[in-house]
Amino acid sequence: MWDVAESAELTPLAGRVARHRLGAGAWVDHLSGWVSGSDEVLEVLLGDIGWRADRRLMYDREVDVPRLLRWYAGGEELPHPLLTRARLALDAHYAPELGEPFVSAGMCLYRDGRDSVAWHGDKIGRGRSQDTMVAIASFGSPRTLALRPVGGGASVRFTLGHGDLVVMGGSCQRTWEHCIPKTSKPVGPRVSVQFRPRGVA
C-alpha cells in the first residue's frame, strides 16, 4: 500500500515534551522537531490523498472553509507509515493519563497565509463535557497556534511546523479556544495532523 522510501523518524517523547499549564485544568504539551526528516512526510501529504474543499454557513450565507480537509477514521490506513508509528508512540506515552488510544486522524492543509481556522474548541462529542486530548503533528511552513481562555483573556502562542508536536489536554477543549490566524507574511503550505480518541471531534 505504501510506496515511499522512508527517511523520516520520530524522536523520543519521554523527558523531552514540555508541559505548559494553562489553568482551569487545561494544559498544553509542546515538542519542537518531534519528527526528523518531516519534509518527506509533507511531500506525501501534499499529494493526492483525497483533500476536499468544504463550505459552511456563516452570517446567513455559505462561504468556503479557508483550508482543505481530509479525515481518516479509525482503521483507515494513513497515507505515510510514520503517521501510524506516531499514533502508536502517542498511545504509549499518554496511556497513563488518557486511558484510551488515539483513533482518528483529521488533517488540515493550510495552502498559504490566507488559510486559517477561527477560534474554537474541539467540543463535538465527548470534548464538550469530559477531559480529553488532541495531539497535533505539524508538517511544512511554520504557523502560529494561538490559545485563549473561553470568554476572552491573554493568549498563549506556539509556532508550529517542520515536525513539531503539540498536545492539548485536560479541560483544554472546554475551557480554552484555539486558532490558526491568517498571516500576511509569505508562507508555504502546512499540514496539521490531529490525532483524537474515539468520540472527540
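A short reminder: the numbers here are calculations on the coordinates, not readings from a lab. Worth saying up front: this structure is predicted, and the values here are computed from it rather than measured. Neighbour counts are summed over all protein chains in view; Cβ atoms, including those assigned to glycine, are modelled from backbone coordinates with ideal geometry.
Selection among V150, Q173, Q194 by position relative to the dipole of segment 17-197 gives V150 as farthest towards the positive end (Cβ unit charges, Cα centre). When you work out D = kT/(6 pi eta Rh) for the chain at 10 °C and 1.306 mPa s, using the Kirkwood radius from C-alpha pairs as Rh and the Stokes-Einstein form, the result is 92 µm²/s. For segment 78-158, the relative contact order is 15 percent, taking Cα pairs closer than 8 Å that sit 6 or more residues apart in sequence and dividing their mean separation by the residue count. When only the Cβ of Lys, Arg, Asp and Glu is charged (+1, +1, -1, -1), the dipole of segment 17-197 relative to its Cα centre reaches about 620 debye. Among G74, G121, G151, the residue with the largest mean-square fluctuation in a Gaussian network model of the chain, with springs joining Cα atoms closer than 10 Å, is G151.
Summing +1 for each Lys or Arg and -1 for each Asp or Glu among the other residues whose beta-carbon sits under 15 angstrom from that of G121 gives +3. Between H120, M107, S141, the Cα set farthest toward the positive side of the dipole of the chain (charges on each charged residue's Cβ, about the Cα centre) is that of H120. Once you sort the root eigenvalues of the Cα gyration tensor of segment 4-123 as a ≥ b ≥ c, which label holds: rounded (a/c under 1.5), prolate (a/b larger than b/c) or oblate (the other case)? In terms of gyration-tensor shape, oblate.
Per-residue 3J(HN,Hα) values for segment 150-165, derived from phi via the Karplus relation 6.51 cos²θ - 1.76 cosθ + 1.60 with θ = phi - 60°, read 4, x, x, x, 5, 9, 10, 10, 10, 9, 10, x, 6, x, 6, 10 Hz in sequence order (x marks Gly and Pro). The string of couplings for segment 29-44 from the Karplus curve (6.51, -1.76, 1.60, θ = phi - 60°) is 9, 9, 9, 6, x, 4, 9, 8, x, 5, 4, 4, 5, 4, 4, 5 Hz, one whole number per residue in order, with x for Gly and Pro.
Projecting the Cα atoms of G163, W71, A18 onto the charge dipole of segment 17-197 (Cβ charges, centred on the Cα centre) puts A18 farthest toward the positive pole.
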